[in-house]
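The values are calculated or read from the model by the stated rules, or taken from the named source; none is laboratory data. Given the structure is predicted, the values throughout are model-derived calculations rather than measurements. Positions of Cβ are generated from backbone atoms using ideal geometry, with glycine treated the same way; all protein chains shown enter the neighbour counts. All accessible areas refer to the heavy atoms of the entire protein, side chains included, with ligands and DNA or RNA removed. Shrake-Rupley method; radii C 1.70, N 1.55, O 1.52, S 1.80 Å.
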Amino acid sequence: MTIAGLVLSTVALAGCSSGGTSPAPAAAASPPAGSTSSAAPSAAAPVAASPTAAPLSFRYHALGKQEFIDQTLSIGNRGRTSVAPTLAITAVDGSGKDLPDVRVTTAYGSDRGSLVVQPGGGFDVLAFSGAGADQVADVRVTVKESAPADLPADASLVEAEPADAAGRPMSKFDAFEQVVLNNPNTTAVSVRVVYLVYDEPQPGKSQQAVEAVPIGGLTTVPAGGTAAVPVSGEAKAAVQKYAHGPAVSVKVYFSR
């Protein structure tokens, strides 16, 4: 599979491979809060941001590199501080026409103000359902709100390690019982963890995260320390159901 675009920093796109961080593809236009922009590489032009809005930009990638997540939305942040945007994301077909019957959901909550995006950028993982989902070629993004977030601009990504009840490391493919978070930063950071389950598409088709199950809630990991997030409820049921399956991942992202 191929992926278009430049490079954003400090994001993890690795999909079915274990752990690992990799730069995400870059975004294109720069819409202010309340404005609308196509995520297509050639569809948008720079727009002057309002004084309260971070200069955000977007680019949709149907296909990722081999072993990397498909159907990602790159979110560029050309501001100097971290922000938590609330996005409205509309699926469009190859001609740019809206697909009103297609529901767009996110794994990291950029449509709910849950994802914190550092300067440079980040990404979210999209899923499409409903009539016409197989016609999605791009997305149109509206920035409904962009709130400031208390996250250092240079914060490094927190590492997530599946473990058994005693804290012994396990594979993401196992029926793990907790996720141990390791914070390499000199300040405490807040994150969320999500368990992703992917479909197995035909060659040339994009792979979709058909399940995005939160593990625990908002977790603050102390500076240079660790935090353990138990796997319970819906997350436990999902892990037990899909353990030893071919396509799962455990992802951690900055949140609020």
Review point. Can you name the condition, by its number, that residue 202 falls short on among (1) modelled with pLDDT under 95; (2) under 21 Å from the mean Cα position of the chain (by Cα); (3) of a type in the set (S, T, N, Q)?
Key: (2)
**Study point:** Enumeration of residues in region 200-254 that are without any contact (Cβ under 8 Å) to a residue 24 or more places away in the chain and either among the polar types (S, T, N, Q) or in contact with a Ser or Thr (Cβ under 8 Å, 6 or more places away or on another chain) (or both)
**Key:** 202, 232
Study note, to complete from the structure: The residue that is surrounded by the most Cβ atoms within 10 Å (Cβ to Cβ), considering only those in region 92-110 that are acidic (Asp, Glu) and not in a strand (DSSP E or B), is 93
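Can you tell me which of 219, 186, 226 is open to solvent by 20 Å² or more (accessible area, probe 1.4 Å) and within 17 Å of residue 116 (Cβ to Cβ)?
Checking each option against the conditions leaves just 219.
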Practice item. For residue 119, state whether it is assigned to a loop (DSSP other than H, G, I, E, B) and without any contact (Cβ under 8 Å) to a residue 12 or more places away in the chain. Key: no
Practice item. Only one of these is touching a Ser or Thr at 6+ places or on another chain (Cβ under 7 Å) and open to solvent by 20 Å² or more (accessible area, probe 1.4 Å): 120, 113, 167. Name it. Key: 120
Review point. Which of (1) assigned to a loop (DSSP other than H, G, I, E, B); (2) open to solvent by less than 10 Å² (accessible area, probe 1.4 Å); (3) modelled with pLDDT of 75 or more does residue 29 not meet, given it meets every other one?
Key: (3)
Study note, to complete from the structure: Considering region 189-216, residues that are within 20 Å of residue 73 (Cβ to Cβ) and of a type in the set (D, E, K, R), and then whichever is surrounded by the most Cβ atoms within 10 Å (Cβ to Cβ), we arrive at 192
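Tally time: how many residues in region 131-152 are open to solvent by 50 Å² or more (accessible area, probe 1.4 Å) and either of a type in the set (D, E, K, R) or not in a helix (DSSP H, G or I) (or both)?
8
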Exercise for review: Filter region 65-91 down to residues that are aliphatic (A, V, I, L, M), within 12 Å of the chain's Cα centre (by Cα) and not in a loop (DSSP other than H, G, I, E, B) and give me whichever is surrounded by the most Cβ atoms within 10 Å (Cβ to Cβ).
Suggested key: 75
Review point. Out of all the residues in region 229-247, which are within 21 Å of the chain's Cα centre (by Cα) and loosely packed, with under 15 Cβ neighbours inside 10 Å?
Key: 234, 246
Exercise for review: Name the single residue, out of those in region 43-64 being closer than 17 Å to residue 86 by Cα, open to solvent by less than 30 Å² (accessible area, probe 1.4 Å) and among the small types (Gly, Ala, Ser), that is modelled with the highest pLDDT.
Suggested key: 57
